[in-house]
1. Counting DSSP beta bridges with both partners in chain A, what percentage is antiparallel, nearest 5?
2. Quick one: which residues, 5+ away or cross-chain, put their amide H under 5 Å from the amide H of A:Leu97? H built at 1.01 Å from N.
3. Using only Cα atoms, find the angle between the long axis of helix B:31-63 and the longest principal axis of chain B, and express it within 0 to 90 degrees, rounded to the nearest 10.
4. Using the basic label-point model (7 angstrom from Cα toward the beta carbon), what is the B:Lys7 to A:Asp52 distance in nanometres?
5. In 10 Å bins starting at 0, how do the alpha-carbon pair distances of chain A split up by percent?
6. For peptide A:284-295, what's the mean number of Cβ atoms from other chains within 10 Å of each residue's Cβ?
7. In segment A:1-89, what chymotrypsin sites (Phe, Trp or Tyr not before Pro) fall in a loop by DSSP, with at most 10 other Cβ atoms inside 10 Å?
8. Check each of the trypsin sites (Lys or Arg not before Pro) in segment A:186-244 and keep only those in coil by DSSP with at most 12 other C-beta atoms within 10 angstrom; list them in order.
Amino acid sequence: MFETSSESPAPVRVVSEAIKDYIDRLGPIWIEGEISELNERSGGMAFMRLRDTSADMSISVMCYKTVLASVQPLPANARVVIYAKPSWFTKNGSLTLSAKEIRQVGVGELLARLEALKEKLALEGLFSADRKIALPRLPRRVGLICGRNTDAEKDVVENARRRWPSVQFEIREVAVQGAAAVVEVSAALSELEANPEVDVIIITRGGGSFEDLLPFSDESLVRLAASCTTPIVSAIGHEKDSPLLDLVADYRASTPTDAAKRVVPDIAQEISDIEKIRDRMFRRLVSTIDYELNQIAQLRNRPVLKDPSVMVTSRRDEIKGWRDRSIRGFTSLLEIEKKELKGVKAHLRSLSPQSTMDRGYAVVQLEDGSIVRDASKAKAGTHLRIRVAKGETRATVNE
Amino acid sequence: MATKDSKPSYEAARDELAEIVESLEDGSATLEESLKLWERGEELAKICQEWLDGAKKKLDAAKKPAE
């Protein structure tokens with residue numbers, strides 16, 4: 001190499017020649033990528049860019065048209081393996097690979113590689129059911145990664161709006177095929193994953209050729225999807241297509257419409273469910289209240305509450321009873337006393353001198369009422385009272 | 001049990017009412033007590049009825065716009 005400084009700089013030609021010298025010493029290599037921007041100019045040369053299939057990197061390639069002819073016609077985004085030698089063009093300081101041979105990577109080869117990758121990821125457990133995250137019942141925002149102005153986008157948005165009119169989308173329109181797809185889809189996925197408002201992410205694209213769908217089996221994209229904590233719904237291609245993204249997604253939708261159905265509930269269904277629950281709640285409450293109303297009515301109908309005067313009348317009856325018994329008791333006592341009095345009177349009568357006097361006897365008494373039993377006690381001139389059966393008379397003793 | 005100061009819950013009022021009816025029915029209380037119990041019972045029955053009628057009215061009102 002040569003020494004340079006600000007005082008003795010090297011001219012462009014010297015530097016460019018030096019680089020060319022260095023690069024010319026590099027040997028030819030085998031390199032794989034995707035062809036884009038194919039440009040067959042008049043003349044014998046063809047120009048194109050060879051893109052990496054995962055990263056946003058590319059190198060320009062040139063070759064003789066005859067080299068290209070061996071693989072033509074090439075499909076869009078064709079995968080090729082090129083045997084090329086790097087060349088440095090001093091005229092504009094650009095590096096180009098000069099291809100000596102171009103081979104298309106066959107579908108069989110790609111399928112075999114896909115199968116190997118699938119097995120590897122399966123062994124790592126990336127597809128296992130316990131890694132799947134449940135989709136939210138009602139997401140605040142739905143992330144949508146899709147192609148620009150595609151039917152897939154319309155299908156998702158329209159069907160989701162029909163089911164849930166206020167659904168909010170975060171839409172990222174990106175390349176969904178070709179070399180840029182992996183990079184753009186990955187960037188959109190990382191961005192939506194980082195957005196805390198996005199509760200579910202749909203990745204969708206319509207059907208396409210096997211090559212078109214290859215980006216959705218790219219190892220770096222599949223690993224990124226597996227690492228996301230936001231649930232992912234994949235709706236790629238048709239039912240028969242099964243890119244590896246489908247296997248790591250938390251839900252594999254058969255179509256974009258199916259994806260829309262999965263991410264938002266059907267508002268009509270929800271309203272009807274709520275109505276049913278509300279109805280049950282009402283019926284339950286009404287029956288509880290009716291039962292209680294009946295309980296209270298029964299309590300109010302019990303005689304003690306319905307006719308509270310019983311409280312007083314029962315006691316009044318009780319008092320009357322006692323009074324009656326008291327009167328009856330007293331009356332019978334009186335009766336007994338009356339009878340007893342009669343007996344006493346009879347007895348009294350039997351003891352009186354009346355009956356004796358009735359037979360003609362008389363009772364003679366002195367003035368002081370004492371009875372004369374001894375005639376000597378009645379001297380001449382003594383006044384006597386003589387009681388006979390009826391009345392009494394007076395007399396005076398003569399001698 | 002018989003607290004007059006605060007409005008009791010529906011269940012408390014209903015249970016107390018049932019208790020009062022029972023003690024009125026077994027007739028063990030004095031007349032003076034019975035009168036007090038009866039007054040309390042009437043009051044409780046009214047509270048329960050009002051509570052239930054109010055709840056039913058609320059339900060009916062809530063149900064109308066939905067139908």
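1. Given both bridge residues lie in chain A, the antiparallel proportion sits at roughly 65 percent.
2. For A:Leu97, whose amide H was placed from the backbone, the distant partners under 5 Å are A:Ser60, A:Val61, A:Met62, A:Ser87.
3. The two axes meet at around 10 degrees.
4. Simple spin-label model gives 7.6 nm for this pair.
5. Final binned percentages: 4, 13, 13, 10, 9, 6, 4, 3, 3, 3, 3, 3, 3, 3, 4, 4, 4, 3, 2, 2, 1, 0.
6. 4
7. A:Phe2
8. A:Lys240
Bear in mind these aren't lab numbers, they're just calculated from the coordinates by the rules spelled out. Bear in mind the structure is a predicted one, so any value in this text is a computation, not a measurement. Positions of Cβ are backbone-derived with ideal geometry, glycine not excepted, and every protein chain shown enters the neighbour counts.
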